[in-house]
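The values are calculated or read from the model by the stated rules, or taken from the named source; none is laboratory data. A quick note: this is a predicted structure, and the numbers were derived from the prediction, not measured. So basically every Cβ, Gly included, is an ideal-geometry build from the backbone, and we count neighbours across all protein chains shown.
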Amino acid sequence: MLLRVAEAFTAIGGAIDRHDDGAVGTLLQQAQDTCQRAAEQAVGETKAYLVNVGTALQTWQQVWPRLGEQPEFRQAVGREARLWAKRFTELAHRDG
């Protein structure tokens, strides 16, 4: 499940890079849903991390329509999405 979370964040970063704003909104929601499902199965540190990331995704969804056109914001979200993709990939390999 953590690899699915990582894939969701990779997709967000790619959509931002392509300036596919319609896809970004959908992908943010899908990533939040995936994080929520993963958090239901996770324990400890991983569960807390998933919950925190889910909260960040919710915030991004709320502000994306207003701030998504600003280059600095786009870059920040894309950068964070790629970092989270990497982190969840690491967690998936660690947790097996």
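Structure data summary
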quantity	calculated
Check on Q30, within 18 Å of T10 (Cβ to Cβ) and not aliphatic (A, V, I, L, M)	yes
Tally, over segment 5-38, of residues that are crowded, with 20+ Cβ neighbours inside 10 Å and at pLDDT below 95	0
Candidates A42, A92 - the one that is over 17 Å from T10 (Cα atoms), touching a helix residue (DSSP H, G or I) at 6+ places or on another chain (Cβ under 8 Å) and either basic (K, R) or modelled with pLDDT under 95 (or both)	A42
Residue list for segment 48-73, filter: assigned to a helix (DSSP H, G or I) and either polar (S, T, N, Q) or more than 18 Å from Q30 (Cα to Cα) (or both)	A48, N52, T55, Q58, T59, Q61, Q62, R66, L67, P71, E72, F73
Unique residue being exposed (fewer than 14 other Cβ atoms within 10 Å of the Cβ) and closer than 15 Å to L91 by Cα when the list is V63, V43, V53	V43
Residue that is nearest to A81 (Cα to Cα), among those in segment 10-46 that are part of a helix (DSSP H, G or I) and acidic (D, E)	D17
